1. Put +1 on the Cβ of each Lys and Arg and -1 on the Cβ of each Asp and Glu in segment 158-244; which of W217, T174, L234 then has its Cα farthest toward the positive end of the dipole?
2. Take the Cα atoms of segment 218-269, build their convex hull, and give its volume per residue in Å³.
3. Which order do the peptides 255-268, 84-97, 35-48 come out in when sorted by mean C-beta neighbours inside 10 angstrom, highest first?
4. Could you calculate the FRET efficiency of R70 with H169 from 1/(1 + (r/R0)^6), where r is the beta carbon distance between them and R0 is 25 Å, rounded to 0.05?
5. Of F199, I99, P113, which is farthest towards the positive pole of segment 60-215's charge dipole, taken about the Cα centre with +1 and -1 on the beta-carbons of Lys, Arg and Asp, Glu respectively?
6. Going by average Cβ density within 10 Å per residue, which order do the peptides 302-308, 145-151, 124-130, 325-331 take, highest to lowest?
7. If you take the square roots of the eigenvalues of the alpha-carbon gyration tensor of the chain and sort them as a ≥ b ≥ c, do you get rounded (a/c under 1.5), prolate (a/b over b/c) or oblate?
8. Where does the chain land at 222 nm, in deg cm²/dmol rounded to the nearest 500, when only DSSP H runs of n ≥ 4 count, each adding -39500 (n - 2.57), divided by all residues?
Amino acid sequence: MQLVGKRSGSPDPKRHLWVLGLVAPASALLPSQLVLHTKLTVFWWIGPIIVLIVIPVLDWVVGEDGTNPRDEDYELLSNDRFYRWCTYAFLPVQLVGLIIAAYMWAGDDLSIPNKLGLAATLGFVSGIGINAAHELGHRVESLERWLSKIALAQSAYGHFFVEHNKGHHARVATPEDPASARMGESLWEFLPRSVIGGFRSAIHLEGERLRRKGHRWFSVHNHILQAWSMTAVLFAGLLGIFGWRILPYLLLQAVIGAALLETVNYVEHYGLLRRRRPNGNWARCSPRDSWNSDRLVTNIFLFHLQRHSDHHANPGRRYQTLRTSEEAPQLPAGYATMILLALFPPLWRYIMDPRLLQHYAGDVSQANIQPRKRERILAEYEYRTAA
């Protein structure tokens, strides 16, 4: 009998590494034991430490992946259920971590700073949980789509299920997409635009779908209400068991999770603009319309999310079959490092604007530019070219 993960001759050299994707939700289980054995309270912040320090360092040390699945192995990899169980397993670990954290928030053993550190750790788990929901939500199987909504419950970001699949993928790398950052737009300008715009878009898209199906908004068929109901049940259950003292930390971790997701959105499409067809419509999304990174460690940690160019060009592909593309513009580092850079707009523009310009062969007018800065940016780069 073949054991899961032990099959010889696998076409995927990273097969045994995908279980490391569970390090993210497991980080919520670690703080109490790390603090107990080391007496270092900094470990209540283990989530941000792993994502913002450990992962960038490992990305730099390990480097790029450089391998792609072969065409002839596509069906075999797609149908291998081992990869599905790696994402399924994320959910129970995530839930157990949240319950343990709620127990600690409710008690008097931790100081407020330590409770905030634990909330930050849970927030990073929550944000990465949205990535697990992202992978599951793209599938056609009913089970995986329901699991996607469950994974979104902790972050209270259930409308993402609708907006990402029906909104973002249709409008990506165009001025109409709230989740596609524009050249000259800082992260701090982008966040409210993406959060508010994504919410409004999800409500509109789901309303249109329900009308086409002959259903009312307040219906059991409403995907957004289904996802929000799961958040309501989860939060109400935790509050009922542990009391109202946990509410500020429960909300804080949800906000951090959503902010982490939106920061990754900022990185993924900054300044990129799809081509126009002769009839004025946007061309089909291609690998050149998403920033790509093939840093091995972050790709394992995020189930190949950094092979984002192939994901948008072929959204039906499961994470294990995604490929890195030479056509795609390349980030100078992995997502974890790019998140840090995005926090400092002048540094971000110093590093990313030249790469964006290089991607468009020096023609900055091809980029998706922040409207209120368009004239200034065009004039700035026209001057540089002339000089």
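The values are calculated or read from the model by the stated rules, or taken from the named source; none is laboratory data. Since the structure is predicted, the reported quantities are computational estimates derived from the model, not experimental observations. So basically every Cβ, Gly included, is an ideal-geometry build from the backbone, and we count neighbours across all protein chains shown. The accessibility values were calculated without ligands, DNA or RNA, using every heavy atom of the protein model including side chains. Shrake-Rupley method; radii C 1.70, N 1.55, O 1.52, S 1.80 Å.
1. About the Cα centre, the residue reaching furthest to the positive side is W217.
2. Working: hull volume 4.9 nm³, N = 52.
Each residue corresponds to 95 Å³ of Cα convex hull volume.
3. 255-268, 84-97, 35-48
4. On the way: r = 26 Å, r/R0 = 1.04.
Rounded to the nearest 0.05, the efficiency is 0.45.
5. Of F199, I99, P113, it is F199.
6. Numbers: 302-308: 25.1, 145-151: 22.3, 124-130: 28.0, 325-331: 17.7.
So the order, starting with the most tightly packed, is 124-130, 302-308, 145-151, 325-331.
7. Rounded, since a/c falls under 1.5.
8. Numbers: 17 runs with 209 residues, N = 387.
Result for the chain: -17000 deg cm²/dmol, rounded to the nearest 500.
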